[in-house]
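Just so it is clear, none of the values below were taken in a lab; they were calculated from the coordinates. All values reported here derive from a predicted model rather than from experimental measurement. All Cβ positions, glycine included, derive from the backbone under ideal geometry; neighbour counts span all protein chains shown.
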Amino acid sequence: MRKSLYTGAMRDSSRTILLLTFAHFSHHVLTALLTPPLPFIRDDLGLSYAQAGLVMAAFSLSYGFGQIPAGRLADRIGPRIVLTAGIAGVGAAGLLLGLSSGYSFLIVSLVLMGILGGGYHPAAAPLISAAAEPGKQAQALGLHVIGGSVSYFAAPLLGVAIASALGWRGTFLALSIPVILLGAIVYRACLKSSLGSPATSAMADGEPRQRLSAAVVMELSTFILMLTAMGAALASASSFLSLYIVDALGASEQTAGALLALYFSAGIWAAPLGGRLADRFGRKRVAAIASFAAVAGLLALPRIPYGFGFVALLAALGAVPYVRMPAAEAYLTGRVPGSIRSTVLGIYFFAGMEGSGVLTPLLGRWIDRYGFQAGFTILGLGLGAIVAVCALVLAGMERGGMTKEG
């Protein structure tokens, strides 16, 4: 009897994780499509690098601002509706994006897409942690990341191919309607399985602490700063990868799309690996190592000549954020009360996305003035300083017995 109950629980857990992995894919089908056709958008609208950076920033900033209120809403009403808005709402905004007639309407459409999509991640992560076996939350979150990674892998290939035939507007129009339908499918599946009510957001690893000590607040703040700085730096750099490959390395738009697909495909294998490593060796430790790897990758990016070495670097650099994601999310969900888990995750996602929204146009301006090599170098050195300071603070707190490895 015990074996039967255990097997049934495992089956339900697997179904939940697979459902949310599919939901993650649906959410990112359009959000992953913003960078690949950027050369087409730039040529069509006659944008500078700074203006192209503002295109990405419009989505990143609004996407980030949507995280905190959406996370709080998910804690209050349950994540099901918030999760659905993060999919179908993005599809609706994608329709407007495909109908945009100029730069201003493009920016407005991207802002709307960011606001509507902002609640997906704060709503999804607690559900996955609650569904996973104790001690395997990071692995489950790593599997969930695969859904988004597949979208980011497919988007450069599909986006560039469709944009070559239908233009960049036609690309968004062609993919928006299926995304809206996918959102409806995910909502129906959640409703059928009673997934996404406030009760399902309870912690899976024991009773949460209802009050956090000052030391834990300090630890979490430092951890979030280090990880969000790393995420923001890599996101801003990746926004210009297609332009760097085309303009600085002399490759075609199609080649740039293929290389972006390689960059983002790393999540398919790196996220499950990162989750497994985090559960085994410590989530905070794995996240810190990934942060230092990001610094090294950014500094190497403009110095590796176009060829096999550059392709290998792209694959490795693409893996870094995906190793970080399950480690960071599992660590945070295990350190805060279940009643505010989505809210804290909303703050975490907000900080990273707002950092990216600020850094992306700044990086574009640096590139306009000083070139790609100087821009990527400044970005890498700045990130290195932040990561080093945060790592020292976290290590000092752990040695002093103020916190523990998670």
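Sort out for me the Cα centre separation of the range 308-382 from the range 160-191, rounded to whole Å.
First find each Cα centre; the distance between them is then 26 Å.
Which value, in debye to the nearest 20, describes the size of the charge dipole of the range 2-399 about its Cα centre when Lys and Arg Cβ atoms bear +1, Asp and Glu Cβ atoms bear -1, and nothing else is charged? Please report the intermediate quantities before stating the final value.
On the way: 26 positive and 15 negative charges, 219 e Å.
That gives a dipole near 1060 debye.
Give the shape of the range 2-399 as rounded, prolate or oblate, defined through the alpha-carbon gyration tensor: a ≥ b ≥ c are the square roots of its eigenvalues, a/c under 1.5 means rounded, and otherwise the shape is prolate if a/b is larger than b/c and oblate if not.
Numbers: a/c = 1.75, a/b = 1.26, b/c = 1.38.
Because a/c hits 1.5 or more and a/b fails to exceed b/c, the range 2-399 counts as oblate.
Sort the following peptides by mean Cβ neighbour count (other Cβ atoms within 10 Å, averaged over residues), highest first: 364-377, 337-350.
Values: 364-377: 18.0, 337-350: 22.8.
Descending packing order for the listed peptides: 337-350, 364-377.
May I ask for the angle, rounded to the nearest 10°, between helix 103-117 and the longest principal axis of the chain, with both axes built from Cα atoms and the value confined to 0 to 90°?
10 degrees
So what is the relative contact order for the range 2-399, in percent, with contacts set as C-alpha pairs under 8 Å and at least six apart? Don't skip to the answer; put the middle values down first.
Working: 742 pairs, mean separation 110.9, N = 398.
That works out to 28 percent.
Relative contact order, percent, of the range 262-347 when contacts are C-alpha pairs under 8 Å separated by at least 6 residues? Before the final figure, lay out the partial values.
Working: 90 pairs, mean separation 38.5, N = 86.
Relative contact order of the range 262-347: 45 percent.
Hey, what angle do you get for helix 372-399 against the long axis of the chain, alpha-carbon based, 0 to 90 degrees rounded to 10?
10 degrees
Could you give the length gained on full extension between L392 and V358, defined as 0.36 nm per residue of separation minus the Cα-Cα distance, in nm?
Numbers: separation 34, 0.36 × 34 = 12.24 nm, distance 2.56 nm.
Stretched fully, the L392-V358 segment lengthens by 9.7 nm.
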